[in-house]
Amino acid sequence: MATIHGLAAFARSGLEGLQVNQRDWSPFVGHFTSFAAMTPLRSAIRRGDTSQQVAELLQTADAESARIATLIVGSQRILARSPSDKDKLPACVCLSECTLPGLLGHCERYGRFGWIFRKNAIYAAGGRPCIYVSEEHYALLASRGRAATTADSDAGTEPAPEQTDWTRLHGLANVYRPPGEGQVQDFTHEREWRVFGDLDLLAVRPEALIAPRGQENVLREHYPETPIVPLDVLHEWGI
């Protein structure tokens, strides 16, 4: 632990000092792109791809992620999408509170271009941390959330505040299944946050950016003063 940095953080505030010294607790959340682009890589090990094939797939995925990152910086908006159309979850922007050591694994699933924000800025923009619940409690939240959404849609009216609350509470819920029989659904490692609706990057400025080494220019033009972390350097550094 860096003692001097820790003491300096405590001088700013007790909360900041705790966050600096508890290395499993991050003051940041990040959004990465693109989950779809990384799909071939998520099954590369199961297929038995060679290291050269993996490297080529990663290059292709980075090119597609760079295309989407260019669209984001051009519009200065991260567009909301439903995490599950099947479950009728409301459209949102998903972020992760994962710490720096967990960042590399997270990027291998969701893409290697990232926007990093202070949690308090995302909270002020309406973002909230997700909850991880049993299948029974998820079913209860889902039934109330879907009922509110369906009733408003059928009536052609704006949702009442309490109906919106149920819809969003359903939208913040994830199923947790402990290891055992059947498919395990343990996404607690993602420490997910969700912002309902698009995220306006002019209103919520990123604290830092992440890009594959050599592709920082995709982001640099629109963020000349924001630190850009080359992702591959973190891996080589042993983080």
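The values are calculated or read from the model by the stated rules, or taken from the named source; none is laboratory data. None of these values were measured; they are calculated from a predicted model. Because the Cβ atoms are built from the backbone with ideal geometry, glycine has one as well, and the counts that use them run over all protein chains shown.
Among helices (runs of 4 or more DSSP H) entirely within the range 1-46, having at least 3 residues that are more than 30 Å from residue 71 (Cα to Cα) singles out 3-12, 14-21. The set of residues in the range 205-236 being acidic (Asp, Glu) and outside any loop (DSSP other than H, G, I, E, B) consists of 232, 236. For the range 129-139, the condition holds for at least one residue, the condition being that it is of a type outside the set (A, V, I, L, M, F, W, C) and either in contact (Cβ under 8 Å) with a residue 60 or more places away in the chain or under 20 Å from residue 24 (Cβ atoms) (or both).
For the range 97-114, the tally of residues that are aromatic (Phe, Trp, Tyr) and in contact with a helix residue (DSSP H, G or I) (Cβ under 8 Å, 6 or more places away or on another chain) stands at 1. If you filter the range 178-221 down to residues that are in contact (Cβ under 8 Å) with a residue 24 or more places away in the chain and basic (Lys, Arg), you find that the one that is surrounded by the most Cβ atoms within 10 Å (Cβ to Cβ) is 194.
Got at least one residue in the range 64-76 being modelled with pLDDT of 90 or more, farther than 17 Å from residue 34 by Cα and under 15 Å from the mean Cα position of the chain (by Cα)? Checking the range 64-76: not a single residue is modelled with pLDDT of 90 or more, farther than 17 Å from residue 34 by Cα and under 15 Å from the mean Cα position of the chain (by Cα).
Return a yes/no flag: does the range 11-30 have any residue that is surrounded by 10 or more Cβ atoms within 10 Å (Cβ to Cβ), touching a Ser or Thr at 6+ places or on another chain (Cβ under 9 Å) and hydroxyl-bearing (Ser, Thr, Tyr). Yes. Considering the range 166-210, and only residues there that are of a type in the set (A, V, I, L, M, F, W, C) and touching an Asp or Glu at 6+ places or on another chain (Cβ under 7 Å), the residue that is nearest to residue 113 (Cα to Cα) turns out to be 193. Determine whether the range 64-80 contains at least one residue that is surrounded by 15 or more Cβ atoms within 10 Å (Cβ to Cβ), touching a helix residue (DSSP H, G or I) at 6+ places or on another chain (Cβ under 8 Å) and among the hydroxyl-bearing types (Ser, Thr, Tyr). Within the range 64-80 (the criterion being surrounded by 15 or more Cβ atoms within 10 Å (Cβ to Cβ), touching a helix residue (DSSP H, G or I) at 6+ places or on another chain (Cβ under 8 Å) and among the hydroxyl-bearing types (Ser, Thr, Tyr)), the answer is yes, since at least one residue qualifies.
Of the numbered criteria (1) within 16 Å of residue 190 (Cα to Cα); (2) in contact (Cβ under 8 Å) with a residue 12 or more places away in the chain; (3) assigned to a helix (DSSP H, G or I), the one residue 117 fails is (3).
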